[in-house]
Amino acid sequence: MIENKHSIIYKTIGKNLKKRRKELGLSQEQVADKIPKMDRSKISDLENGKEDFVFSKLLSLCDALDFTVLDVLKKD
């Protein structure tokens, strides 16, 4: 469960991950296939800011999307 005070950060991360995935023309399933122990529904939850995550999973997701942690934290 994500604490209310952090929900904006999680939503920003999710929005940036989804945007990058779409830029690369990848489905959630294709991204999940690149990351051990991650499935499509987890990708969906992360993109929608509904999922708390371990930092190492974020790093793996950034690697799969050829994206940096700094990029994923950027606000519009």
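What the Cα atoms of the range 35-76 give is an Rg and a Dmax of 10.2, 31 Å. Rounded to the nearest 500, what is the 222 nm mean residue ellipticity of the chain from helices alone, with -39500 (n - 2.57) per DSSP H run of 4+ residues and division by all residues? Helix-only estimate at 222 nm: -17000 deg cm²/dmol. When the alpha carbon gyration tensor of the chain is reduced to an equivalent ellipsoid, its three semi-axes come out at 18, 14, 11 angstrom, largest first. Think of each Lys and Arg Cβ as +1 and each Asp and Glu Cβ as -1; about the Cα centre, that makes the dipole of the chain roughly 200 debye. Placing unit charges on each Cβ (+1 for Lys and Arg, -1 for Asp and Glu) gives the chain a dipole about its Cα centre, and among C62, S41, T12 the Cα reaching farthest toward its positive end belongs to T12.
Summing Lys and Arg as +1 and Asp and Glu as -1 over all other residues whose Cβ lies under 11 Å from the Cβ of I2 gives a net charge of -1.
Note on Q30 and K11: the extension gain reaches 4.7 nm, defined as 0.36 nm multiplied by sequence separation minus the Cα-Cα distance.
Values in this text are rule-based calculations from the coordinates and carry no lab data. In this text, all values refer to a predicted model and were calculated from it rather than measured experimentally. Counting neighbours? That spans all protein chains shown, and the Cβs are built from the backbone with ideal geometry, glycine included.
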